[in-house]
Amino acid sequence: MNKMSKMKWQYAEEELKDKVVILPIGALEAHGSHLPLGTDNYIAQELAERLTKQINGILLPLLPLGQVWSLRNFPGSISLQTETLISIIEDIAISLERHKVQCLVVVNAHFGNNQSLKKAARNISANNEIEILHLTHPGLKSLENDLIDSKRAHSNYLHAEEIETSLMLNINPDLVNMKEAHPSYPQFPSYFSNYPLFWDQITEDAVLGDPTKATEVKGGKLLNGIVKEMKKIIKEFKREVL
């Protein structure tokens with residue numbers, strides 16, 4: 001696998017030219033009592049490594065912090081401001097552009113980062129030659145319909161439930177304590193998606209759904225399906241945009 005951190009500077013420009021560079025990004029936040037704070041980071045790293053190998057890309061080091069405003073009151077959660085994250089992504093893209101990189105693919109495993117990624121991609125596209133393509137679990141809905149047994153706690157959100165727990169059981173099972181896993185279906189106010197509400201006001205441990213139905217096998221199928229969809233999107237993006 002081509003990792004940018006292992007390159008020698010004198011060969012970097014040649015190795016980077018016209019390549020797709022992949023940036024995994026996650027977050028540090030509560031994920032129930034059964035998953036680690038860095039759950040999104042482990043998932044983003046695994047997806048990015050698999051994708052890098054399959055498209056012969058270049059892998060950047062993981063960006064381990066994100067925008068976690070909703071969960072910032074849980075101990076251990078660290079949140080970047082939206083504007084800070086936008087600036088970080090833009091700065092990375094502009095740096096890569098100097099080295100003749102055409103495209104930065106951001107492999108994101110934390111839904112709270114999406115607003116910042118979208119804004120950064122728009123800004124860069126309007127003012128620079130390099131493009132940003134941000135991917136957050138593409139194809140997940142179809143995979144969820146085929147593989148997942150539990151129902152969502154909320155139609156727009158999933159967190160520390162069957163999907164994320166299955167992914168972690170496949171990626172790093174030693175960090176998962178299934179004895180602590182339990183279903184959690186909070187009562188959401190009608191304005192939940194329309195008002196800035198801290199999640200500790202609706203859930204005690206940041207679980208939305210049922211992690212007890214998670215399995216390592218489901219996690220493997222989810223990983224394979226997401227990476228397959230990523231490859232499809234990148235292929236079309238390179239053909240029609242770059």
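Where helices (runs of 4 or more DSSP H) fall entirely within region 54-156, those with at least 3 residues that are more than 20 Å from Ile43 (Cα to Cα) are at 82-98, 114-127.
Six or more apart or on different chains, Cβ atoms under 7 Å: show the pairs whose first residue is in region 136-152 and closer than 19 Å to Pro211 by Cβ and touching a residue at least 12 places away in the same chain (Cβ under 8 Å) and whose second is in a loop (DSSP other than H, G, I, E, B) and of a type outside the set (S, T, N, Q). Listed pairs, sorted by first residue: Ser150/Glu161; Ser150/Asp210; Arg152/Leu158.
Residues of region 80-114 that are among the polar types (S, T, N, Q), buried (at least 18 other Cβ atoms within 10 Å of the Cβ) and touching a helix residue (DSSP H, G or I) at 6+ places or on another chain (Cβ under 7 Å): Asn108, Asn113.
State whether one or more residues within region 24-42 are at pLDDT below 95, part of a loop (DSSP other than H, G, I, E, B) and either out of contact with any Asp or Glu (no Cβ under 8 Å at 6 or more places or on another chain) or buried (at least 19 other Cβ atoms within 10 Å of the Cβ) (or both). Looking through region 24-42, none of the residues is at pLDDT below 95, part of a loop (DSSP other than H, G, I, E, B) and either out of contact with any Asp or Glu (no Cβ under 8 Å at 6 or more places or on another chain) or buried (at least 19 other Cβ atoms within 10 Å of the Cβ) (or both).
Pairs are defined by a Cβ separation below 6 Å, a sequence spacing of at least 6 or placement on different chains, a first member in region 169-194 that is surrounded by 13 or more Cβ atoms within 10 Å (Cβ to Cβ), and a second member that is modelled with pLDDT of 95 or more and of a type in the set (D, E, K, R); the pairs so defined are Leu169/Glu216; Asn170/Glu216; Ile171/Glu46; Pro183/Asp210. Filtering Leu59, Leu96 for residues that are free of Cβ contacts under 8 Å to residues at least 60 places away in the same chain, in contact with a strand residue (DSSP E or B) (Cβ under 9 Å, 6 or more places away or on another chain) and of a type outside the set (Asp, Glu) leaves a single hit, Leu59. Based on what the data block shows, is Phe198 in contact with a Lys or Arg (Cβ under 8 Å, 6 or more places away or on another chain) and farther than 28 Å from Glu46 by Cα? Yes; evaluated as a whole, the condition is true for this residue.
The values are calculated or read from the model by the stated rules, or taken from the named source; none is laboratory data. The structure presented is a predicted model; accordingly, all values stated were derived computationally and were not measured. Ideal geometry is used to build each Cβ from the backbone, glycine not excepted, and the neighbour counts take in all protein chains shown.
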